[in-house]
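Structure, as structure tokens:
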């Protein structure tokens, strides 16, 4: 049996700093602290809104395309499986996967780019990780005694650090999140579980949309082509679409197994025997092997060239950015048109941030409704 890394896991034992919350919370012996955080996230309004937010496609009608919510569930499956195989804290890994996209605005990355450009004009930036932290710490209101979800430090740290490192000089507001240390392995796994999920799903949705062809993918994406040949040998004569589905599943398994094996090998190579060893190491240990990383980059370039920037999606993205920018400018110029709950926050947060926060919380459907209503009243 392969050596697991339970000694390097977040223990969840009483007294663990990562279990601390900003506000006291009653103990629940039937559930761990991270299980309780998972439930708080799943029951939040921001989590439910992920069902109405774009993953790749903004306007192409299909009930089968991934939303942010279904993508999030797929990431959680991969993250929990990897954490289990490595002997890490499965509850923490799953919780971080479920919350990792909660800060994304409508229209996917197109909406995020537009919001960031709008804020840059006002000396601010939009970062979906930082916004996610503000959601769970401030915007969600479910408790009588305080704002926010009152999540553990371990989950809040993972929200900030799962996909990138921050430094305290540029982000003094994040100083409480151990910015001079690497995140636990449970958090490090999330970014690559995310990659595995969308590399698989975006090929699937691309073919479903008619924008990608299976034969072309097989020729230009090495890992998918290799997996397709393997399942074709086992299922000769089966329809191409079913072989493609099998190949996608195999590719996901290959990448997940590689992440598990490489993470384990890296931790063993540095002699890691505790979480402190993981935190002190100058580099993240949860990575792909060189071959898998090269294949990941090749597929990512393929998706960028053939799907994300293809003319039909570019048209959708241009429209999305137009909608976000127009609404941002509308409320900047006429802030009294904001909902009262947001207008009241302007004095403390600044108008540009409040407008961005309002837009970031919208679903694709709601922002289009707002755009249509305002467009009737004001000529953009």
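Annotations
- Only a single item in (1) in a helix (DSSP H, G or I); (2) surrounded by 12 or more Cβ atoms within 10 Å (Cβ to Cβ) is not met by residue 362, and it is number (1).
- For residue 309: the one exception among (1) over 30 Å from residue 183 (Cβ atoms); (2) surrounded by fewer than 13 Cβ atoms within 10 Å (Cβ to Cβ); (3) in contact (Cβ under 8 Å) with a residue 24 or more places away in the chain: (3)
Quick grid of which residues meet (1) over 19 Å from residue 91 (Cβ atoms); (2) surrounded by 17 or more Cβ atoms within 10 Å (Cβ to Cβ); (3) at pLDDT below 95:
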| site | (1), (2), (3) |
| --- | --- |
| 144 | yes, no, yes |
| 147 | yes, no, yes |
| 155 | no, yes, no |
| 163 | yes, yes, yes |
| 169 | yes, no, yes |
| 176 | yes, no, yes |
| 185 | no, yes, no |
| 190 | no, yes, no |
| 193 | no, yes, no |
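- Condition check for residue 38: surrounded by fewer than 21 Cβ atoms within 10 Å (Cβ to Cβ) and either assigned to a loop (DSSP other than H, G, I, E, B) or touching a residue at least 12 places away in the same chain (Cβ under 8 Å) (or both): no
One line per residue, one yes/no per condition, for (1) free of Cβ contacts under 8 Å to residues at least 12 places away in the same chain; (2) closer than 24 Å to residue 274 by Cβ:
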position: 170; (1), (2): yes, no
position: 183; (1), (2): no, yes
position: 189; (1), (2): no, yes
position: 199; (1), (2): no, no
position: 203; (1), (2): no, no
position: 206; (1), (2): no, no
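- Some residue of segment 208-223 being modelled with pLDDT of 95 or more, exposed (fewer than 14 other Cβ atoms within 10 Å of the Cβ) and assigned to a loop (DSSP other than H, G, I, E, B): yes
- Counting only residues that are free of Cβ contacts under 8 Å to residues at least 40 places away in the same chain, over 27 Å from residue 307 (Cβ atoms) and under 13 Å from the mean Cα position of the chain (by Cα), segment 46-98 holds 0 of them.
- If you check 297, 243 for being in a helix (DSSP H, G or I), surrounded by 19 or more Cβ atoms within 10 Å (Cβ to Cβ) and free of Cβ contacts under 8 Å to residues at least 24 places away in the same chain, only one passes: 243.
- Where a residue in segment 263-275 is at positive phi and loosely packed, with under 13 Cβ neighbours inside 10 Å and its partner, wherever it lies, is assigned to a helix (DSSP H, G or I) and modelled with pLDDT of 95 or more, with Cβ under 8 Å and at least six apart: 271/277
- Residue in segment 367-380 that is modelled with pLDDT of 95 or more and over 20 Å from residue 53 (Cα atoms) present: no
- Yes/no for residue 323 being at pLDDT 95 or above, outside any helix (DSSP H, G or I) and surrounded by 16 or more Cβ atoms within 10 Å (Cβ to Cβ): no
The values are calculated or read from the model by the stated rules, or taken from the named source; none is laboratory data. Because the structure is predicted, anything quoted here is derived from the model rather than measured. Positions of Cβ are generated from backbone atoms using ideal geometry, with glycine treated the same way; all protein chains shown enter the neighbour counts.
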